[in-house]
Amino acid sequence: MNATIELLLNHRSIRSYLDKPLTEEQIHAIVQSAQAAATSSYVQAYTIIGITDQQVKDKLAELSGNQAYVAKNGHFFVFCLDLHRLELAAKLNGELTEKAEQTLGSTEMFMVGLIDTALAAQNAAVAAESIGLGICYIGGLRNELPAVAKLLQTPKRVIPLFGLSVGYPANLSDIKPRLPLLNVYHENSYIQNQEQLDQQLRDYDRDISSYYAERTNGARNDRWTESMSKLLQNPKRLFMKQFLEENKIPLD
């Protein structure tokens with residue numbers, strides 16, 4: 001095992017940071033690492049917004065569900081799907097045709113943007129962790145997405161997807177056990193042995209329950225399948241399709 005794999009396997013979300021800002025050099029290195037990620041057809045369909053204004057951070061923290069680590073960190077990045085840049089490229093070449101509009105509004109191009117943005121963000125996360133920083137992804141930005149877009153002044157075809165808080169860890173949280181490898185890695189085809197899959201989930205439930213019990217001195221003993229079942233009973237952000245349509249991503 002090499003140092004890179006050890007770094008990846010040692011990942012944990014950090015939600016408490018020292019009051020120490022990142023340097024400009026660190027910020028640029030993280031962004032350049034994000035840009036080095038793979039990108040479909042070289043479209044680079046993302047923009048990263050760094051938040052340095054504390055008032056903006058505070059507002060984003062509020063919009064994300066009052067998550068303190070959105071406001072208090074070394075630096076806060078917002079990763080945005082960006083198809084606006086592609087529209088500008090077409091206009092510069094006099095080719096914002098009906099076909100180009102159809103492409104920009106397609107489900108496939110939306111997926112390209114989502115994947116590009118996620119790959120860039122993960123590169124940024126690994127880069128940050130490699131220099132001793134901690135990170136936490138903030139999907140809560142999508143709780144009040146219209147308000148976030150207005151705050152960040154994003155144009156049509158730009159969608160703030162999630163935040164990334166980065167900073168010097170004030171304390172290290174425990175590493176959460178992941179699903180069994182055989183539950184997520186199948187060879188040649190999807191394994192559909194229900195008995196086998198169910199047993200793996202039961203085993204994982206025991207591991208997660210023990211993890212929470214030890215971490216909280218017995219105050220929690222949640223099972224993973226129980227948590228996921230509850231999650232499915234609470235539909236979230238059902239405005240998303242309408243928001244995308246209003247931003248010229250109608251998902252054909």
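The values are calculated or read from the model by the stated rules, or taken from the named source; none is laboratory data. Not measured: the values here are computed from a predicted model. Using ideal geometry, Cβ is built from the backbone for each residue, glycine included, and neighbour counts are taken over all protein chains shown.
Among the residues of segment 167-189, are any exposed (fewer than 11 other Cβ atoms within 10 Å of the Cβ) and charged (D, E, K, R)?
yes
Does residue 71 satisfy being within 30 Å of residue 103 (Cβ to Cβ) and crowded, with 18+ Cβ neighbours inside 10 Å?
Numbers: within 30 Å of residue 103 (Cβ to Cβ): no; crowded, with 18+ Cβ neighbours inside 10 Å: yes.
So residue 71 does not fit the description; no.
Condition first: free of Cβ contacts under 8 Å to residues at least 12 places away in the same chain and part of a loop (DSSP other than H, G, I, E, B). Now tell me which residues in segment 53-93 satisfy that.
53, 66, 93
Is there a residue being modelled with pLDDT of 95 or more, surrounded by fewer than 20 Cβ atoms within 10 Å (Cβ to Cβ) and touching a strand residue (DSSP E or B) at 6+ places or on another chain (Cβ under 6 Å) anywhere in segment 131-143?
We begin by selecting, within segment 131-143, every residue modelled with pLDDT of 95 or more; these are 131-143.
Of the ones still in play, those that are also surrounded by fewer than 20 Cβ atoms within 10 Å (Cβ to Cβ) are 131-132, 137, 139-140, 143.
When the remaining residues are screened for being touching a strand residue (DSSP E or B) at 6+ places or on another chain (Cβ under 6 Å), the result is 137, 139.
Within segment 131-143, one or more residues are modelled with pLDDT of 95 or more, surrounded by fewer than 20 Cβ atoms within 10 Å (Cβ to Cβ) and touching a strand residue (DSSP E or B) at 6+ places or on another chain (Cβ under 6 Å).
Which one of 242, 196 is polar (S, T, N, Q), loosely packed, with under 15 Cβ neighbours inside 10 Å and in the same structural domain as residue 74 (by TED's automatic domain parsing)? Break it down stepwise before answering.
Working: 196 fails: in the same structural domain as residue 74 (by TED's automatic domain parsing).
The match here is 242.
Residues of segment 1-52 being under 17 Å from residue 77 (Cα atoms), touching a helix residue (DSSP H, G or I) at 6+ places or on another chain (Cβ under 9 Å), assigned to a helix (DSSP H, G or I) and of a type outside the set (S, T, N, Q), which ones?
29, 30, 31, 34
Residue-wise test of (1) touching a helix residue (DSSP H, G or I) at 6+ places or on another chain (Cβ under 8 Å); (2) modelled with pLDDT of 95 or more.
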{"position": "161", "(1), (2)": "yes, yes"}
{"position": "168", "(1), (2)": "no, yes"}
{"position": "174", "(1), (2)": "yes, no"}
{"position": "181", "(1), (2)": "no, no"}
{"position": "191", "(1), (2)": "yes, no"}
{"position": "204", "(1), (2)": "yes, yes"}
{"position": "210", "(1), (2)": "no, no"}
{"position": "231", "(1), (2)": "no, no"}
{"position": "251", "(1), (2)": "yes, no"}
